[in-house]
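Notes follow once the structure below has been shown.
The values are calculated or read from the model by the stated rules, or taken from the named source; none is laboratory data. Predicted, not measured: the structure shown is a model, and the values here were computed from it. Every residue, glycine as well, gets a Cβ built from its backbone with ideal geometry; the counts of neighbours run over all protein chains shown. Side chains included, ligands, DNA and RNA excluded: accessible areas come from the protein's heavy atoms. Shrake-Rupley method; radii C 1.70, N 1.55, O 1.52, S 1.80 Å.
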Amino acid sequence: MSENAQALLNVNNIEVIYDHVILVLKGVSLEVPEGGIVALLGANGAGKTTTLKAVSNLLGAERGDVTKGSIEYAGERVDKLSPNDLVRRGVIQVMEGRHCFEHLTVEENLLTGAYTRTDGRSGIASSLELVYTYFPRLKERRNSQAGYVSGGEQQMTAIGRALMSKPRMMLLDEPSMGLAPQLVEEIFEIVKALNDKEKVSILLAEQNTNMALRYARYGYILENGRVVMDGDAKTLSENEDVKEFYLGLSSAGRKSYRDVKHYKRRKRWLA
Amino acid sequence: MDVLYAVFIAPFVDMATAPIFFAEVIIGGLIAGVMYSLVALGFVLIFKASGVFNFAQGVLALFAGLTLVGLMEFMGQTSTQQLPWYLIALAIIGTAAVMVALAFAIERIVLRPLVNQEQIILFMSTIGLALFLEGFGDVLWGSDVKALDIGIPDASFEWGGILLNQFDLVAAATAAVLVAVLAVFFQKTRVGRALRAVADDHQAALSVGIPLKSIWVIVWSVAGIVAMVAGIMWGAKSGVQFSLSLIALKALPVLILGGFTSVPGAIVGGLIIGVGEKIAEIYWGPLIGGAIENWFAYMLAMVFLLFRPQGLFGEKIIERV
Ligand SMILES: Nc1ncnc2c1ncn2[C@@H]1O[C@H](COP(=O)(O)OP(=O)(O)OP(=O)(O)O)[C@@H](O)[C@H]1O
Ligand SMILES: [Mg+2]
């Protein structure tokens, strides 16, 4: 399947079932190259979060199970590893909806991100400084309880917390959720900087297709637990159907990408 | 009028006219309260970290008491032969080790298979655990009331006219040190921070790589050791026996008063109930023929449930809109 053997993350035709009965992913494959930013797009309930959780293995805590397919990271099968193992290997998820530790201060939140590190205090202290250079606002709010800082600051805390683990790959789940456009831009710029300077490869789940395609180099579109389209960010953003259904650039009254392109996609599956 | 005077005025006149006696009543209440605090503290720790209401907390105290007595007898303690202090210390350390081993076993056998189950199922599994530990303790160490003598004299002395008991003071000081150590552990250490993180948001804790299994072992170990201290204190005063596991029932009103998730709440709640029931018993008890001590805590808890259900220190639920 994989044309690109040296991809950092390789998700191979996975199927995910919740509660032993609810089939949510029906064969999802995707790749993230080392140093890449890859977008995972799709409407509510398409299965973006489920895909990310399958990789980070947070599914286990939700009675979800990868029942088919495989997930490889840095050349190693990782689908049976615990989240702790994965964080140690450099894969960390920033969950949808921020999930800060509300009763901990912003700085304590950041420090929990270093839980798995074994390189001692000074390494952790310099990571903390690094986080503060990317997010100067967090430094000002370092002693506030995370439950009381603004939504944007919480999102920064969540990303900064993940950064504290010195990740090689970050799984970002809807960082734009509930934030003002300006702030979304600010956060995406920082994500891009992390990708450039800290060499963090990024798999980004987003509903904000427009934003995501501006920053990502490659994108996958999920619908109903299947990848219905993938391609370069540029190709995707110029694609008529994507424009129509995900970028809202057309006023045609059709309901779903699926309804129109059924025939075309079928061809793609068979190919 | 007489009734009103007897209820609302006379007790306070009594307090004011015999301040030394009043102080002794309060100290007696505080000492009992320390016990309640310790048991409640064990509950709070486990409840915060895993959301499990641990019905077995009282039995853990009993089990620790039984284990300590058993170890000391094994080392040669008899009713006439007092062990040297270092063997007593060794026995206490051994008991602590047993409590830690128990925490490992509980995580492995009870909690891990039940991960992701409903809260009520976990709660029921702790009832099972309580019954098992009671039976197991019986089989292992016998079911008769055992004296526990850890070599701290139960002697009284006077200080500024107030009668104090040496054992009580040592016990209270030990509890205070334990609480202080726990506070530092929670606030200042990496693992303590991780424990608080788990208490706040399991999922997020998992996502940053905090392993829940080891956190549970740590929490149950700490709760086991807190139970051990309670078990030793209580056991040394009134013998190690089944009724020890019933102090867990007193912890319930303490929790309602202090809030199920608050460590300071458990401590202050325990002290308030300890002092409150002693005062009620001594000054108001004669009016209705005594025994207020038995139900005072529950009455107070009920009043709290009506007016402040989150408890005195219940964690604020942070909501943003
Ligand atoms: N724990 C769960 N148990 C059962 N079904 C679930 C669970 N989590 C998600 N699902 C179902 O799986 C499907 C995909 O959900 P998922 O959260 O992955 O979508 P998503 O693309 O992230 O959506 P959104 O954009 O709303 O976050 C949905 O139909 C959802 O109802
Ligand atoms: Mg989602």
**Prompt:** So, of the residues in segment A:29-81 that are within 13 Å of ligand 2 (Cβ to nearest atom) and open to solvent by 30 Å² or more (accessible area, probe 1.4 Å), which turns out to be farthest from A:ILE17 (Cα to Cα)?
**Reply:** A:ALA43
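Condition check ((1) of a type in the set (S, T, N, Q); (2) open to solvent by 20 Å² or more (accessible area, probe 1.4 Å); (3) within 14 Å of chain B (Cβ to nearest Cβ); (4) assigned to a loop (DSSP other than H, G, I, E, B)) across all residues:
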{"site": "A:GLY152", "(1), (2), (3), (4)": "no, no, yes, no"}
{"site": "A:ALA158", "(1), (2), (3), (4)": "no, no, yes, no"}
{"site": "A:MET177", "(1), (2), (3), (4)": "no, yes, yes, yes"}
{"site": "A:LEU183", "(1), (2), (3), (4)": "no, yes, no, no"}
{"site": "A:PHE188", "(1), (2), (3), (4)": "no, no, no, no"}
{"site": "A:VAL191", "(1), (2), (3), (4)": "no, no, no, no"}
{"site": "A:ASN195", "(1), (2), (3), (4)": "yes, no, no, no"}
**Complete:** Taking segment B:239-283 and keeping only residues that are more than 12 Å from the chain's Cα centre (by Cα) and polar (S, T, N, Q), one is left with B:GLN241, B:SER243, B:THR261, B:SER262
**Request:** Tell me which residues, restricted to segment A:100-123, are open to solvent by 20 Å² or more (accessible area, probe 1.4 Å), at the interface with chain B (Cβ under 7 Å from one of its Cβ atoms) and at pLDDT 95 or above.
**Result:** A:GLU108, A:LEU111, A:TYR115
**Meets criteria (within 9 Å of ligand 1 (Cβ to nearest atom) and away from chain B (no Cβ under 14 Å)) for A:LEU52** = no
**Prompt:** Residues in segment B:225-232: is at least one touching a Phe, Trp or Tyr at 6+ places or on another chain (Cβ under 7 Å) and buried (at least 21 other Cβ atoms within 10 Å of the Cβ)?
**Reply:** no
**Message:** List the residue pairs whose Cβ atoms are under 6 Å apart, where the first residue sits in segment B:136-148 and is over 11 Å from B:GLY70 (Cα atoms) and modelled with pLDDT of 80 or more, the second is open to solvent by 90 Å² or more (accessible area, probe 1.4 Å) and small (Gly, Ala, Ser), and the two are 6 or more positions apart or on different chains.
**Reply:** none
**Asked** Any chance segment A:236-245 includes a residue that's over 27 Å from A:SER150 (Cα atoms) and either assigned to a strand (DSSP E or B) or modelled with pLDDT of 90 or more (or both)?
**Response** yes
**Request:** Determine, yes or no, whether A:SER237 is hydroxyl-bearing (Ser, Thr, Tyr), in contact (Cβ under 8 Å) with a residue 24 or more places away in the chain and either within 30 Å of A:ASP119 (Cα to Cα) or within 16 Å of ligand 1 (Cβ to nearest atom) (or both).
**Result:** no
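Listed residues A:GLY60, A:GLY36; which is within 14 Å of chain B (Cβ to nearest Cβ) and more than 9 Å from ligand 1 (Cβ to nearest atom)?
Details: A:GLY36 fails: within 14 Å of chain B (Cβ to nearest Cβ).
Result of the check over A:GLY60, A:GLY36: A:GLY60.
Applying the selection to segment B:218-260, what residues are within 14 Å of chain A (Cβ to nearest Cβ) and part of a helix (DSSP H, G or I)?
B:ILE218
Within segment A:78-88, identify whether any single residue is away from chain B (no Cβ under 14 Å) and at pLDDT below 95, and answer yes or no.
Checked against the condition, which is being away from chain B (no Cβ under 14 Å) and at pLDDT below 95, segment A:78-88 yields at least one hit.
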**Request:** Please go through segment B:196-211 and pick out each residue that is open to solvent by less than 30 Å² (accessible area, probe 1.4 Å) and more than 7 Å from chain A (Cβ to nearest Cβ).
**Result:** B:VAL198, B:ALA205
**Asked** From the residues in segment A:138-150 that are in a helix (DSSP H, G or I) and open to solvent by 20 Å² or more (accessible area, probe 1.4 Å), which one is nearest to the other protein chains (Cβ to nearest Cβ)?
**Response** A:TYR148
**Request:** Scan (1) more than 16 Å from ligand 2 (Cβ to nearest atom); (2) under 25 Å from A:PRO33 (Cα atoms); (3) open to solvent by 70 Å² or more (accessible area, probe 1.4 Å) for the single condition A:GLN207 breaks and write down its number.
**Result:** (1)
**Asked** Looking at segment A:94-130, which of its residues are within 16 Å of ligand 1 (Cβ to nearest atom) and closer than 10 Å to A:ARG161 by Cα?
**Response** A:VAL94
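Could you check how many residues of segment B:167-195 are within 14 Å of another protein chain (Cβ to nearest Cβ) and assigned to a helix (DSSP H, G or I)? Break it down into steps so the answer makes sense when it comes.
Quick first cut of segment B:167-195, residues within 14 Å of another protein chain (Cβ to nearest Cβ) only: B:186-195.
Still in the list and also assigned to a helix (DSSP H, G or I): B:186-188, B:190-195.
The qualifying residues number 9.
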